[in-house]
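Note sheet for the following structure.
The values are calculated or read from the model by the stated rules, or taken from the named source; none is laboratory data. Only a predicted model underlies this, so the values are computations on that prediction, with no experimental measurement involved. Using ideal geometry, Cβ is built from the backbone for each residue, glycine included, and neighbour counts are taken over all protein chains shown. Ligands, DNA and RNA are stripped out before the accessible areas are found, and what is left, the full protein with its side chains, is counted by its heavy atoms. Shrake-Rupley method; radii C 1.70, N 1.55, O 1.52, S 1.80 Å.
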Amino acid sequence: MKILFLAHRLPYPPDKGEKIRAFNILKHLANHHEVHVVCWSDGEPELQATEKLKSLVPNLHVAPFSPQRQRMHMLRGLFSDKPLTVHYFYADTLRKQIDALLQSIAFDALYVYSSNMAEYVLETNIPIRLIDFCDLDSEKFKQYATWNKPPLSWLYRLEGKRLARYEKRVAEKFNHVIFINLGEKHLFDHGHGNGKTSVLSNGVDLHQYFGDALPNGHAIATNDSPALVFTGTMDYLPNIDAAMWFAENVFPKIKSILPGAQFHILGRRPARNIRRLHDPDKAIFVSGYVEDLRDRMQSADVFVAPMRIARGMQTKLLEAMACGVPVVTSPTAAKGIGAWPSRQVLVAETEAEYARQVLHVLFNPRVRDGLRKRAFEFIKQKFDWEKNLQQLDALIQQSPSVLQNCQ
């Protein structure tokens, strides 16, 4: 089968949530089909990564992305009815590449990763058309509006409304819409009810971690320097908010009980406010991009993810569990991966609750060991990429008429 795969980012290297998902889906499709990929790429480092990706997908078409040029294009979109994010990822040069492929190759299936890329192929005649919304972006921007002041809140609210209309329109043009978890699917179904939605959960490649057996954890030196870790792309609003809130409001409470505690923030492109948090005297360390997080994660004592602005599935939680690190997070983030509070993760909402839950792990080895073992088994059972991607095989292999009437 010949498949056209569109993505708003180069799906390599798989070192952040959206790229991990895109890469594993692409790898799975490429192992069974002839896949042609068209995507944007941010700058020279990613263009170098295309050579590695070409070993998996020889038919790779990458267009250099200019944020400054696309921001200007996005601003002009204020005077249209389409979402600004759709304008941001749209360019005539990429449209011409896609049109040329459509004219030269008779594709059997189309896989669009992110609603932002749907604009290029809304009127195509490819028989099987799947779109991966991952999360409901319209709801994300509505959340952003509540966490910001005017004029940003006005823009976010406008974008949320435009995206909601656009998502509905896009869904009508595709045979099937894919979401990352049941929460996002149910939210969309409730608003639109088109009956053409499915869940394709994320996964974890356990072979990159401990395989099938989790080793014994290291002893926590509560009187020395227990390490608390947070990871994420650190110019992304939900991650900025989580890290700053924890560093400024929760970590001092933990330090008052455990003076040797350390808080490590790991992740690419730390925003200015995040960089300002770096202060060895306060035991807060901002490390920036780390090529391989596994060693840093596996030596951590607690993984904290105080996500106050969160949608969909937090891949960082899956990676922490695979590394055998006990997790303290928000109820929303726990629900996003289907984890049970006090069983696979500990949950908290207020400053005092987060401090209490972290200290509960640090001072109770049995609690810590129980959490990490149950979480690891949870990952093995629910987040195996090979098992989860069987759902994609079922969608790809069904006839267009079956897909069209799928309930």
Worksheet, complete the sentence: Filtering segment 303-345 down to residues that are open to solvent by less than 10 Å² (accessible area, probe 1.4 Å), assigned to a strand (DSSP E or B) and either in contact with a Phe, Trp or Tyr (Cβ under 6 Å, 6 or more places away or on another chain) or not small (Gly, Ala, Ser) (or both) yields 303, 304, 327, 328, 329, 345
Worksheet item: If you go through segment 170-190 one residue at a time, how many are open to solvent by less than 60 Å² (accessible area, probe 1.4 Å) and farther than 17 Å from residue 385 by Cα?
Response: 11
Practice prompt. Please find, among 106, 100, 22, the residue that is touching a Phe, Trp or Tyr at 6+ places or on another chain (Cβ under 9 Å) and among the small types (Gly, Ala, Ser).
Written response: 22
Worksheet entry | Selection count where residues are in contact with a Ser or Thr (Cβ under 7 Å, 6 or more places away or on another chain), buried (at least 17 other Cβ atoms within 10 Å of the Cβ) and in contact (Cβ under 8 Å) with a residue 60 or more places away in the chain, scope segment 346-366 | 1
Worksheet, complete the sentence: All-but-one check, residue 300 against (1) assigned to a helix (DSSP H, G or I); (2) open to solvent by less than 10 Å² (accessible area, probe 1.4 Å), failing number (1)
Practice prompt. Under 9 Å between Cβ atoms, at least 6 apart or on separate chains: pull out the pairs that start in segment 114-128 with a residue that is over 12 Å from residue 99 (Cα atoms) and open to solvent by 30 Å² or more (accessible area, probe 1.4 Å) and end on any residue that is hydrophobic (A, V, I, L, M, F, W, C) and assigned to a strand (DSSP E or B).
Written response: 127/109; 127/110
Practice prompt. Residues being out of contact with any Ser or Thr (no Cβ under 9 Å at 6 or more places or on another chain), open to solvent by less than 40 Å² (accessible area, probe 1.4 Å) and outside any helix (DSSP H, G or I): count how many of those fall in segment 92-113.
Written response: 5
Worksheet item: In this structure, is residue 390 open to solvent by 20 Å² or more (accessible area, probe 1.4 Å) and at pLDDT below 95?
Response: yes
Worksheet item: Has segment 134-145 got at least one residue that is surrounded by fewer than 19 Cβ atoms within 10 Å (Cβ to Cβ), not β-branched (Val, Ile, Thr) and not in a helix (DSSP H, G or I)?
Response: no
